[in-house]
Amino acid sequence: MTDIEFQLDNFMLYCSSKNLSRKTLASYEQTLKLFVSYLKNEFQIEEVNKVQSGHIRQYIKYLRERGKYTVVNNEESKQSNHPENRKDFKKEISTTTIANYVRNIKVFFNYLYKVEREIPRNPVEKLENPRIERKMKKTLTPDELKKVFGQFETSTFHGYRNLVISRLLLDTGMRIGECLSILPENIDFQHKSIHITNAKNKQERFVYFSYKSANELKQWLRYKDRYSESPFMFPTTKGTQLDIRNYERALRDAGEKVSIHIHPHQLRNNFAKYYILNNGDWFSLCRILGHSSVEVTQKAYLDFSDEEIAKKYQKHSPLTFMDEL
């Protein structure tokens, strides 16, 4: 084991002790293993104290030139995964993805410099973050949502289940992973709330649902219990927990049938946008979404179109509410 491999392994143990999510751990490990492999192959570097900021900038340039799925940690994996068969093979890696790589590399070297003091100087101290051009999150119209939801075949167990999930995501703003982990006992029909116990930030919270959703959830529970003894609210036909990718695929397929691009997180985005457009406040939205601060919520969703701002203005024009003027 080389010095840099040892430090990476130690870093992952440190991150695990911090109780970070599996998704975050996987992101760190994948990014850093690829970077370590690049350093070894291109510069014969196997010690952390030999890494300079220029090596990291060269790696960013390398990623941009090579494209998607061309960089792997283990060359033998290409024989089984066949990345060249992917439709997006060699396509340009997005600036957002590269920014995530840079962030992960920065976390690693900040850990080596500030926590472990393994390196005398920090190569990421003055490293620039790639500038990301923010894309406006598309707000699906009620008609578009109705078209997508209408594609689920409710005469089947999985079709009915996927429709209820989709409507609940739109109504509550939950993350899809949170939704698929719900147990019936997490639902309080009296207060129309759902107790989220597996939140992204490890902080339990409540989300709330409408009268419409209350009736739909009760009907779904009666239907589910006739055909499944699963402890999950939205199980597979075999009673196991539904995998996020399976639901993502079902929602995407439903959208493609009516030429609408849609994914689960877009339903969460649309919940937030409609909540604010319908005069909800940022503080309660922050609590519902499970964000750490109102600033985080505003940064994520403060991107209304001119048309949306115009409609909201008409509801709050000062002159409209001043009869004497």
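For Glu65 and Phe6, calculate 0.36 nm times their separation in residues minus their Cα-Cα distance, and state this gained length in nm to one decimal.
Answer, rounded to one decimal: 18.3 nm.
List every residue whose amide H lies under 5 Å from the amide H of Ile196, counting only residues 5 or more places away in sequence or on a different chain, with H placed 1.01 Å from N in the peptide plane.
Here Arg205, Phe206, Val207 satisfy the definition.
Roughly how many debye, to the nearest 20, is the charge dipole of the chain about its Cα centre, given +1 on each Lys and Arg Cβ, -1 on each Asp and Glu Cβ, and no other charges?
Approximately 300 debye in magnitude.
Compute the FRET efficiency between Asn49 and Glu128 as 1/(1 + (r/R0)^6), taking r as their Cβ-Cβ distance and R0 = 30 Å, and round to the nearest 0.05.
Calculated transfer efficiency: 0.85.
Using the structure shown, select from Lys137/Lys238; Lys18/Lys91; Lys202/Lys311; Lys212/Lys257; Lys18/Lys106; Lys23/Lys299 the pairs with a Cα to Cα distance greater than 29 angstrom.
Cα-Cα > 29 Å for Lys137/Lys238; Lys18/Lys91; Lys202/Lys311; rest within.
Can you give the angle from 0 to 90° between the axis of helix 244-257 and the longest principal axis of the chain, with both taken from C-alpha atoms, to the nearest 10?
The two axes meet at around 60 degrees.
Roughly how far apart, in whole Å, are the Cα centres of segment 135-151 and segment 176-210?
If you average the Cα positions of each part, the centres end up 24 Å apart.
Net charge near Thr236: determine it from the other residues with C-beta under 14 Å of the C-beta of Thr236, scoring Lys and Arg +1 and Asp and Glu -1.
Taking every Cβ under 14 Å from that of Thr236, the sum is +3.
Say we join alpha carbon atoms closer than 10 Å with springs in a Gaussian network model of the chain; which of Lys106, Lys315, Lys138 then has the biggest fluctuation?
Per the Cα network of the chain with a 10 Å cutoff, Lys315 tops the list.
Arranged from highest to lowest average of other beta-carbon atoms within 10 Å per residue, in what order do the peptides 113-119, 173-179, 125-131 appear?
The packing order, highest mean first, is 173-179, 113-119, 125-131.
Given Cβ point charges of +1 (Lys, Arg) and -1 (Asp, Glu) and nothing else, what value in debye, to the nearest 20, does the dipole of segment 170-269 about its Cα centre take?
The dipole magnitude comes to about 120 debye.
Along the positive direction of the dipole of the chain (beta-carbon charges: Lys, Arg +1; Asp, Glu -1; about the Cα centre), which of Met12, Leu127, Thr156 reaches farthest?
Positive-end residue among those listed: Thr156.
If you place +1 on the Cβ of every Lys and Arg and -1 on the Cβ of every Asp and Glu, how big does the dipole about the Cα centre of segment 142-316 come out, in debye to the nearest 20?
Charge dipole of segment 142-316: 180 debye, to the nearest 20.
Among Ile260, Ile4, rank each residue by its count of other Cβ atoms within 10 Å, from fewest to most, as a rough exposure measure. List each step's numbers first, then the result.
On the way: Ile260 18, Ile4 22.
Arranged by neighbour count, lowest to highest, Ile260, Ile4 become Ile260, Ile4.
Rank Asn41, Phe206, Asn269 by how far each Cα sits towards the positive end of the charge dipole of the chain (+1 on Lys, Arg Cβ; -1 on Asp, Glu Cβ) and give me just the farthest.
So the residue we want is Asn269.
List, in order, the whole-Hz ³J(HN,Hα) value for each residue of segment 211-216 obtained from phi through the Karplus relation with A = 6.51, B = -1.76, C = 1.60 and θ = phi - 60°; use x for Gly and Pro.
4, 4, 5, 4, 5, 5
First check a/c for segment 161-292, with a ≥ b ≥ c the square roots of the eigenvalues of its C-alpha gyration tensor; if it is under 1.5, answer rounded, and if not, answer prolate when a/b is larger than b/c or oblate otherwise.
Oblate, since a/c reaches 1.5 and b/c is not below a/b.
Where a number appears in this text, it was derived from the coordinates with a stated rule and is not lab data. Keep in mind the model is a prediction, meaning the values are calculated, not measured. Please note: Cβ atoms are built from the backbone with ideal geometry, for glycine as well, and neighbour counts cover all protein chains shown.
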